[in-house]
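Engineer: Here it is, the structure, as structure tokens.
The values are calculated or read from the model by the stated rules, or taken from the named source; none is laboratory data. Quick caveat, the model's predicted, so the values are computed rather than measured. Cβ placement follows ideal geometry from the backbone for every residue including glycine, while neighbour counts extend to all protein chains displayed.
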Amino acid sequence: MVSTQDIAKHFVDAKGNRVKAVDGVSFEASPGKIFGLLGCNGAGKTTTLRILSTVIKPTAGRATVAGYDVVDHPEKVRASIGFMSTSTALYGRLQAKEVIEYFGQLFGLEGQRLKERVAYVMDKLQIHEFGDRLCDKLSTGQKQRVNIARTILHDPPVLFFDEPTAGLDVVVSQTVMEFIEEARDMGKTIIFSTHIMSEAERLCDQISVIHEGTIRGSGTVQQLKEQTREVTLEKAFLKLVEFESSYQREAEVTA
Amino acid sequence: MNYVKQVYLKEVREMLRDKRTRSMAFFGPIFMMILFVCGFGSILGSVSKTQNQTIHVLKTENPLTQLLEKAFKVVYVENEQAGEELIRKGDAKVFLAFGAQTTGGQLDIDAYFDPKAQGAQIVLSQVSGIIETANKKALEQTLTSSGLPATAAEPVKLVKKEVQIGEKGAGEFIVSMLPYLIVIWAFYGGFSMATDLVAGEKEKATLETLLISPVTRTQIVLGKFFALASLCLASSVSSLIGFMLVSLLKLPGTSFLLKGGLGITPTAAIVTILVLLPTVAMFAACLLSFSTYAKNAREAQSYISLASFVVVVPAAFSQLIGLTDAANQGWVNFVPVLNTANNIRNALLGKPDWIGTAITVTISGLIAALLLVVVVRLFNREEVLTRV
């Protein structure tokens, strides 16, 4: 389970101005469900996930992951999570299998258990055929399979996906989404951040729309549509983030 | 500790697979040392032999020219103006114009040369030596024919007695250059990999996944630090291997520079390792601190390039320290980098200074520890990930 209560993250930018990257975000994600964080680029999705994965500390608020407080027990939180994003890369000079083994060791796996888990994820994601190839030589799809293997190797109860399909072709995206659905069916708690409406509609049981660091609306896809009286999630989202098209603006000016 | 080992092993594996690191840290020092010793040895060996030198002489019947012909390649010139012109154009190093014998029996030889040309000065000193020997012989003959002992030509004679300190070994030239090269390679060997270790990971987006593992940031830093220190040490040792290879393979030029052998005694080796270990730790921590602070690999390279002057200047001074009294003065042991090079130098000369070595190890170790604390602090800041 993942829970956040009014978490905030404020930065001071290069000009000395205080920037509120995240400001009072609260939500709860449960096991066997996919919780979606829907927002534009720069909305605060990645910052929220970084707080939850203990890479950065919140300026205010409280968050727990798998029962551990992110500030008080960061190592225990990290041992309970798997994190995947298209922006996270692999070590180019290591073979695919070496990368998987390395992260297994960092997550405390060793000996027979490590061997078994490596063999399992390599079988499951069909990595054997390119397991001894350097990551620099892998295709995007192959890299993403290794990334998934690295994420699930230690069998964490909580999984974070930060725009996991950004920049991927439709086939690789499909693999990633199927994997997320499978993880949900296995009872994992999943937080999925995206700006792609179709993915959110397909995967998410609960969604929070995040914009300029604040939550603008929460609920199921249907509830968001009802709240905004819109027929599509895309339109509901645009309403929640108070998007005004240039066409609408011109029409208002003319009137 | 196990996590530190895992990070260390992964970094070492990556280093060994990187062509740039292999050439910079392993093959580079070996190749450069071979090139350096062979190149300098050949040039200096050639310069020291008078048979390889050419002098220009004004055409003359003077019997002294036969003496010069035995020592040099002699080229005769028709007149003084032509000889002077050859010097001006740089076509001749020294031009000798024999004058007329004075009534007192003294023969004046005008030696034309360019005072800025080092080669000309070497030839001139060789010519002076030959003329001095000829003068001495002539004086001895005159004294003997007058019934006086030949030793009257030299009422006071300076007898040079070499005192062998330690084992016979490499000459002063190698002794002054070798510590410099060992220290320099300890720094430059780690240069290329240092930028990759943190700044490169940030740039390539592999750092975030590493930070999300349960390993503490201090453990990650220590793993990376030990890997970089190992690389710095390997690079330094590679330069020594290159030096040994030159001697073992008896490559051209070594006969002049390594007349007395390598000169690395077991004591010198022990002192070298003792002072080198904290020095590589200091360099590794320094390189890693820049890599951790920088936004990307390029920025890290800029910082490290600037920092390299702080290493090069004191290391370079160690080459000249033999010309001063500073080599044996205590304060040198408190100057980072210079203390390391000077201790290696003294050990190679067969004069190990154990107290100086202890001070050097302590100073370098303290600086390394301090820099490591800085790296750990930098790495524990959120900016390690967010400052892009």
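Engineer: Since B:TYR76 meets every condition but one in (1) more than 14 Å from chain A (Cβ to nearest Cβ); (2) in contact with an Asp or Glu (Cβ under 9 Å, 6 or more places away or on another chain), which condition does it not meet?
Structural biologist: (2)
Engineer: Here are some residues: A:GLN126, A:GLN95, A:GLN142. Which one is more than 16 Å from the chain's Cα centre (by Cα) and on the phi > 0 side of the Ramachandran plot?
Structural biologist: Selected residue: A:GLN126, the only one of A:GLN126, A:GLN95, A:GLN142 that is more than 16 Å from the chain's Cα centre (by Cα) and on the phi > 0 side of the Ramachandran plot.
Engineer: Got at least one residue in region A:135-143 being of a type in the set (Ser, Thr, Tyr), more than 13 Å from chain B (Cβ to nearest Cβ) and in a helix (DSSP H, G or I)?
Structural biologist: Yes, because at least one residue in region A:135-143 is of a type in the set (Ser, Thr, Tyr), more than 13 Å from chain B (Cβ to nearest Cβ) and in a helix (DSSP H, G or I).
Engineer: Of the residues that sit in region A:66-79 and are crowded, with 20+ Cβ neighbours inside 10 Å and out of contact with any Lys or Arg (no Cβ under 9 Å at 6 or more places or on another chain), which one is farthest from the other protein chains (Cβ to nearest Cβ)?
Structural biologist: A:VAL77
Engineer: Given the conditions (1) under 23 Å from A:GLY32 (Cβ atoms); (2) hydrophobic (A, V, I, L, M, F, W, C); (3) over 11 Å from the mean Cα position of the chain (by Cα); (4) at pLDDT 90 or above, report the number of the one that A:PHE179 does not fulfil.
Structural biologist: Every condition holds for A:PHE179 apart from (4).
Engineer: Turning to a different aspect of this structure: Report whether or not B:LEU44 is more than 35 Å from the chain's Cα centre (by Cα), surrounded by 14 or more Cβ atoms within 10 Å (Cβ to Cβ) and more than 14 Å from chain A (Cβ to nearest Cβ).
Structural biologist: No, not satisfied.
Engineer: Do the conditions hold for B:VAL361, that is, is it more than 14 Å from chain A (Cβ to nearest Cβ) and exposed (fewer than 14 other Cβ atoms within 10 Å of the Cβ)?
Structural biologist: No.
Engineer: Same structure, new question: What's the total number of residues in region A:41-60 that are more than 13 Å from the chain's Cα centre (by Cα), under 20 Å from B:ARG381 (Cα atoms) and more than 10 Å from chain B (Cβ to nearest Cβ)?
Structural biologist: Residues in region A:41-60 being more than 13 Å from the chain's Cα centre (by Cα), under 20 Å from B:ARG381 (Cα atoms) and more than 10 Å from chain B (Cβ to nearest Cβ): 3 in total.
Engineer: Then there's this: Within region B:12-41, how many residues turn out to be crowded, with 18+ Cβ neighbours inside 10 Å and hydroxyl-bearing (Ser, Thr, Tyr)?
Structural biologist: Qualifying residue count, region B:12-41: 1.
Engineer: Kindly evaluate A:GLY32 against the criterion of being within 14 Å of the chain's Cα centre (by Cα) and either surrounded by 24 or more Cβ atoms within 10 Å (Cβ to Cβ) or away from chain B (no Cβ under 11 Å) (or both).
Structural biologist: So A:GLY32 does not fit the description; no.
Okay, residues lined up against (1) touching a residue at least 24 places away in the same chain (Cβ under 8 Å); (2) closer than 24 Å to A:PRO157 by Cβ; (3) not hydrophobic (A, V, I, L, M, F, W, C):
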position	(1), (2), (3)
A:VAL2	yes, yes, no
A:ALA8	yes, no, no
A:ARG18	no, no, yes
A:VAL25	yes, yes, no
A:GLY36	yes, yes, yes
A:GLY39	yes, no, yes
A:GLY42	no, no, yes
A:THR48	yes, yes, yes
A:ALA66	yes, yes, no
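Engineer: Within region B:209-223, does at least one residue satisfy the condition of being within 14 Å of chain A (Cβ to nearest Cβ), closer than 23 Å to A:LYS76 by Cβ and in contact with an Asp or Glu (Cβ under 6 Å, 6 or more places away or on another chain)?
Structural biologist: Within region B:209-223, one or more residues are within 14 Å of chain A (Cβ to nearest Cβ), closer than 23 Å to A:LYS76 by Cβ and in contact with an Asp or Glu (Cβ under 6 Å, 6 or more places away or on another chain).
Engineer: Still on this structure, I have one more. Is it fair to say B:VAL237 is more than 14 Å from every other protein chain (Cβ to nearest Cβ), without any contact (Cβ under 8 Å) to a residue 24 or more places away in the chain, assigned to a helix (DSSP H, G or I) and in contact with a Leu (Cβ under 9 Å, 6 or more places away or on another chain)?
Structural biologist: Yes; evaluated as a whole, the condition is true for this residue.
Engineer: Name the helices (runs of 4 or more DSSP H) wholly inside region B:1-95 in which the number of residues that are without any contact (Cβ under 8 Å) to a residue 60 or more places away in the chain and not assigned by TED's automatic domain parsing to the domain that holds B:LEU178 is 3 or more.
Structural biologist: B:64-71, B:80-89
Engineer: Looking at the structure I just gave you, is A:ASP132 within 23 Å of the chain's Cα centre (by Cα), surrounded by fewer than 21 Cβ atoms within 10 Å (Cβ to Cβ) and in a loop (DSSP other than H, G, I, E, B)?
Structural biologist: no
Engineer: While we're on this one: Are any of the residues in region A:89-111 in contact with an Asp or Glu (Cβ under 7 Å, 6 or more places away or on another chain) and away from chain B (no Cβ under 13 Å)?
Structural biologist: No, region A:89-111 contains no residue that is in contact with an Asp or Glu (Cβ under 7 Å, 6 or more places away or on another chain) and away from chain B (no Cβ under 13 Å).
Engineer: So, of the residues in region B:10-30 that are away from chain A (no Cβ under 11 Å), of a type in the set (A, V, I, L, M) and over 16 Å from A:GLU101 (Cβ atoms), which turns out to be nearest to the chain's Cα centre (by Cα)?
Structural biologist: Only one residue tops the list, namely B:ILE30.
Engineer: So is A:LEU114 surrounded by fewer than 20 Cβ atoms within 10 Å (Cβ to Cβ), over 16 Å from B:SER213 (Cβ atoms), in contact with a Gly (Cβ under 8 Å, 6 or more places away or on another chain) and within 13 Å of chain B (Cβ to nearest Cβ) or not?
Structural biologist: When the stated conditions are applied, A:LEU114 does not pass them.
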